[in-house]
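Trainee: Please see the structure below; I have some questions.
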Amino acid sequence: MTFPIFSQPNYWCGDWSWSTDASNQMSTSLGSSYIYIRQFTSNWAFKFVNNVTWCGNGGSISENTTTPQSITYNGGSNIYISGYEVNKYYIAKWNGGTSAFIFEFSQAPRTISGGTYPTGSVSTSNQDVTVNLSGNADANERIYIRYTTNNWSSSSIIEGNPSGTNTVTIQIPSQTAGTTVKYYVFTSISGISVSNADLATISYNNNSGSNFQYTTVSTTYETDQDGDWNTAATWLGDVVPPAGADCTIKHACTVNGSVTNSPASVTIN
């Protein structure tokens, strides 16, 4: 079965309003998914709507699961949240077809509001990524890094727990020199797998669609030939040592002006 993902508007309609209008229209999210956040004051019945196609299921859906719940495309009865609690915030994530998540928070989910994201040339060691939220996290709220070392042929995710605060630091593992790492950050609940990461995403920062990116370089640099310190061809790998590098001089090395990046140490052989 083919679902018209993104070609038509999608809605989360229920006892609060069964109208397919702007007030119930879901926003687009990662990986051809949709999102809507609503505070429930009653255990409302609801359905998902793909343009004019109404989609229910067998009658109930579980909240805060780590695998998607089944939705009946073009059929099924009204849906209820099995563990509903009054005044909780419910986040609906739907793929426009037969899979959905319902997440339950005690407060509105936080957005990602900044942080520290390594880019450019970095050392081969673990890289710290600090993610800031717009407020203290809900007890169920987690922050993830999704990263790839092969241009998204495959990827991995790492979970971080802000523990009720508004920030967390997560480490991307060390990589061999010359590795390009691309990554972005997102929020969800604990225990999400990489295969469900897009559908389970609540808030995210993917650098406006470009993702964040860095390339690892060795922290030990050796000269490859006579030349100026600030000239790439002077060094093995044709890379001028970055700040904080350990440098070994094995050739006649001159400095035209000043050293661009201050080394941590210099050994002359």
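The values are calculated or read from the model by the stated rules, or taken from the named source; none is laboratory data. Everything numeric in this text was worked out from a predicted model, so none of it was measured. Positions of Cβ are backbone-derived with ideal geometry, glycine not excepted, and every protein chain shown enters the neighbour counts.
Trainee: What do you reckon, is D226 more than 16 Å from T119 (Cβ to Cβ), surrounded by fewer than 15 Cβ atoms within 10 Å (Cβ to Cβ) and of a type in the set (D, E)?
Mentor: yes
Trainee: Name the one entry in Y221, Y204 that is out of contact with any Asp or Glu (no Cβ under 8 Å at 6 or more places or on another chain) and closer than 23 Å to I172 by Cβ.
Mentor: The match here is Y204.
Trainee: Same structure again: Are any of the residues in region 140-161 within 15 Å of the chain's Cα centre (by Cα), of a type outside the set (D, E) and farther than 17 Å from Y184 by Cβ?
Mentor: yes
Trainee: Something else now. Can you give me the number of residues within region 103-140 that are surrounded by fewer than 21 Cβ atoms within 10 Å (Cβ to Cβ) and closer than 30 Å to N74 by Cα?
Mentor: Of the residues in region 103-140, 1 are surrounded by fewer than 21 Cβ atoms within 10 Å (Cβ to Cβ) and closer than 30 Å to N74 by Cα.
Trainee: So in region 243-258, with the set limited to residues that are of a type in the set (A, V, I, L, M, F, W, C) and surrounded by fewer than 15 Cβ atoms within 10 Å (Cβ to Cβ), which one is nearest to T216 (Cα to Cα)?
Mentor: To start, the set of residues in region 243-258 that are of a type in the set (A, V, I, L, M, F, W, C) comprises 243, 245, 247, 249, 252-253, 255.
Now drop any that are not surrounded by fewer than 15 Cβ atoms within 10 Å (Cβ to Cβ), which leaves 243, 252, 255.
Details: A243: 14, A252: 27, V255: 25 Å.
Among them, the one singled out is A243.
Trainee: Could I ask something else about it? Of everything in region 233-269 that's at pLDDT 95 or above and among the hydrophobic types (A, V, I, L, M, F, W, C), which residue is nearest to L30 (Cα to Cα)?
Mentor: Among those that are at pLDDT 95 or above and among the hydrophobic types (A, V, I, L, M, F, W, C), it is A233.
Trainee: Then there's this: Modelled with pLDDT of 95 or more and closer than 30 Å to P241 by Cβ: does that describe T119?
Mentor: Spelling it out, T119 is indeed modelled with pLDDT of 95 or more and closer than 30 Å to P241 by Cβ.
Trainee: Quick one: which of S188, S210 is of a type in the set (S, T, N, Q), loosely packed, with under 13 Cβ neighbours inside 10 Å and modelled with pLDDT of 95 or more?
Mentor: It is S210.
Trainee: Return the residue satisfying two criteria in turn: it lies in region 221-240 and is part of a strand (DSSP E or B) and in contact with a strand residue (DSSP E or B) (Cβ under 6 Å, 6 or more places away or on another chain), and of such residues it is nearest to Y36 (Cα to Cα).
Mentor: In this case the residue turns out to be Y221.
Trainee: Here's something else I'd like to know. Need at least 2 residues that are closer than 17 Å to L30 by Cβ and touching a Phe, Trp or Tyr at 6+ places or on another chain (Cβ under 7 Å) per element, so show me which strands (runs of 3 or more DSSP E) inside region 109-220 make the cut, counting only ones lying wholly within it.
Mentor: 142-148, 156-160, 180-188
Trainee: A follow-up question, please. Could you please give the count of residues in region 197-232 that are under 18 Å from Y183 (Cβ atoms) and either of a type in the set (F, W, Y) or within 21 Å of the chain's Cα centre (by Cα) (or both)?
Mentor: Residues that pass the stated criteria total 19.
Trainee: Yes or no: region 47-56 includes at least one residue that is out of contact with any Lys or Arg (no Cβ under 8 Å at 6 or more places or on another chain) and of a type in the set (G, A, S).
Mentor: no
Trainee: So which residues in region 157-185 are at pLDDT 95 or above, among the small types (G, A, S) and surrounded by 14 or more Cβ atoms within 10 Å (Cβ to Cβ), if there are any at all?
Mentor: Listed by number, the list holds a single entry, G160.
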